[in-house]
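Encoded as structure tokens, the structure appears first; notes follow it.
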Amino acid sequence: MSVPDLSRVRTVTSRQNNLVKDLRKAFAQSEPTPDGYIAIEGLRIVEEAIRSGLRFRALFLSVSGCAQGSRLVPQMADNVEVLLLPDEVFSSSVATETPQGVAALVKLKSFDLKEILNDPSKEMTVLGTAGIQDPGNLGTIIRSAEAFAVRAVLLGAKTVSHFNPKVVRASAGSVFREKIIRAPLLSESIRLLKAYDFYVVGTSSHKGKPLEQADLTGRVALLIGSEGAGLPPDVLAEANELVKIPHSEKVESLNAGVAASILLYEAARQRRSTEA
């Protein structure tokens, strides 16, 4: 199959090609390459990366995926390498079992928490996560964070990496645009938030004030823990208040992604009410 602008496309057949090795390693480790690029896969996800203005290092097309992926080639900057790989080489380098034949190395934007907090806005929501290990849950949380105008998402200890390809897919591209900051010592980050006049609200499956009674306006930090363990003690100790989402006693707890989405919707609803 042909692709437009064949001069842009370089056929590579070896698994030992440096870019192919970088792609394979970035997928396997769910971490950036030494020069800061992460691996992403799938036509829609790559299109989202383009729409989000990310910097590309390389675009990879498989022979069988070339027809649909070829439309991405004209959107690549001149310094981006475009590699055409045999199907078996492509499949051995990506994360999914049935790949679409489109992948890329892209660089996410980095953010500084203090710079975000220096914004004088009176209304600002920050979300902190602790122990969210399921990639689908974290991807859902990041997607909801963007949907409900969360200013930043802090990833505490034992939270899966947002570079994980399953997180990227579940976020539907929101991971490319949302301000995400690793915070391995989440309790210290919370104390910083308090220094910038944030009111810190922790969540629990059964304890605390019912969500609809909580004031989530102003500068507020919302904390979400894992479905099983909840928030760790050192993080809970920093919370100004605990809230719960009322639900049937037949259900022990809500999925972390669902709980976070409900919480963020309520915070956005309350903000809209104060602006009306």
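Please state which one of E88, E41, E47 is over 19 Å from V175 (Cβ atoms), acidic (D, E) and either under 19 Å from the mean Cα position of the chain (by Cα) or not assigned by TED's automatic domain parsing to the domain that holds G139 (or both).
On the way: E41 fails: over 19 Å from V175 (Cβ atoms); E47 fails: over 19 Å from V175 (Cβ atoms).
One residue alone meets the criteria, E88.
Please determine, by comparing only the residues of segment 117-143 that are of a type in the set (S, T, Y) and closer than 21 Å to G228 by Cα, which one is nearest to the chain's Cα centre (by Cα).
Filtering segment 117-143 for residues that are of a type in the set (S, T, Y) and closer than 21 Å to G228 by Cα, the one nearest to the chain's Cα centre (by Cα) comes out as T140.
Could you count how many residues in segment 173-190 are in contact (Cβ under 8 Å) with a residue 60 or more places away in the chain, of a type in the set (A, V, I, L, M, F, W, C) and either surrounded by 19 or more Cβ atoms within 10 Å (Cβ to Cβ) or on the phi > 0 side of the Ramachandran plot (or both)?
Of the residues in that region, 5 qualify.
Quick check on this structure: which one of S70, S92, S52 is of a type in the set (G, A, S) and over 30 Å from R182 (Cα atoms)?
Within the list S70, S92, S52, the selection yields S70.
Which of the residues belonging to segment 195-212 are touching a residue at least 24 places away in the same chain (Cβ under 8 Å) and exposed (fewer than 15 other Cβ atoms within 10 Å of the Cβ)?
Within segment 195-212, the first condition is being touching a residue at least 24 places away in the same chain (Cβ under 8 Å), and the residues that meet it are 196, 198-212.
H206, K207, K209, P210, E212 - these are the residues of segment 195-212 that are touching a residue at least 24 places away in the same chain (Cβ under 8 Å) and exposed (fewer than 15 other Cβ atoms within 10 Å of the Cβ).
Taking the options S273, S226, name whichever one is out of contact with any helix residue (DSSP H, G or I) (no Cβ under 8 Å at 6 or more places or on another chain) and either within 17 Å of V126 (Cβ to Cβ) or hydroxyl-bearing (S, T, Y) (or both).
Working: S226 fails: out of contact with any helix residue (DSSP H, G or I) (no Cβ under 8 Å at 6 or more places or on another chain).
That would be S273, the only listed residue that is out of contact with any helix residue (DSSP H, G or I) (no Cβ under 8 Å at 6 or more places or on another chain) and either within 17 Å of V126 (Cβ to Cβ) or hydroxyl-bearing (S, T, Y) (or both).
Pairs needed: first member in segment 109-131, farther than 17 Å from L222 by Cβ; second member anywhere, outside any helix (DSSP H, G or I); C-beta distance under 6 Å; at least 6 residues apart or different chains.
Note: pairs meeting the criteria are F111/K179; F111/I181.
Show the residue pairs meeting these rules: Cβ distance below 9 Å; 6+ apart or different chains; first residue within segment 252-276 and among the polar types (S, T, N, Q); second residue crowded, with 18+ Cβ neighbours inside 10 Å and at pLDDT below 90.
Taking only residues 6 or more apart or on different chains, the pairs are S253/E227; S253/G230; N255/E227.
Here is a yes/no grid of residues against (1) among the acidic types (D, E); (2) surrounded by fewer than 17 Cβ atoms within 10 Å (Cβ to Cβ); (3) over 23 Å from the mean Cα position of the chain (by Cα); (4) under 18 Å from I132 (Cβ atoms):
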position	(1), (2), (3), (4)
L223	no, no, no, yes
E227	yes, no, no, yes
P233	no, yes, yes, yes
A237	no, yes, yes, no
L254	no, no, no, yes
L264	no, no, no, yes
Q270	no, no, yes, no
T274	no, yes, yes, no
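Would you check if there is a residue in segment 8-20 being surrounded by 15 or more Cβ atoms within 10 Å (Cβ to Cβ), at pLDDT 95 or above and within 12 Å of V106 (Cβ to Cβ)?
No, segment 8-20 contains no residue that is surrounded by 15 or more Cβ atoms within 10 Å (Cβ to Cβ), at pLDDT 95 or above and within 12 Å of V106 (Cβ to Cβ).
I need the full set of residues from segment 109-135 which are part of a strand (DSSP E or B) and either touching a helix residue (DSSP H, G or I) at 6+ places or on another chain (Cβ under 7 Å) or of a type outside the set (A, V, I, L, M) (or both), in order please. Outline the logic, then answer.
Quick first cut of segment 109-135, residues part of a strand (DSSP E or B) only: 124-130.
Once the filter is applied, which keeps residues that are part of a strand (DSSP E or B) and either touching a helix residue (DSSP H, G or I) at 6+ places or on another chain (Cβ under 7 Å) or of a type outside the set (A, V, I, L, M) (or both), segment 109-135 yields T125, V126, L127, G128, T129, A130.
The values are calculated or read from the model by the stated rules, or taken from the named source; none is laboratory data. Note that the structure is a prediction, hence the values are computed from the model and not measured. All Cβ positions, glycine included, derive from the backbone under ideal geometry; neighbour counts span all protein chains shown.
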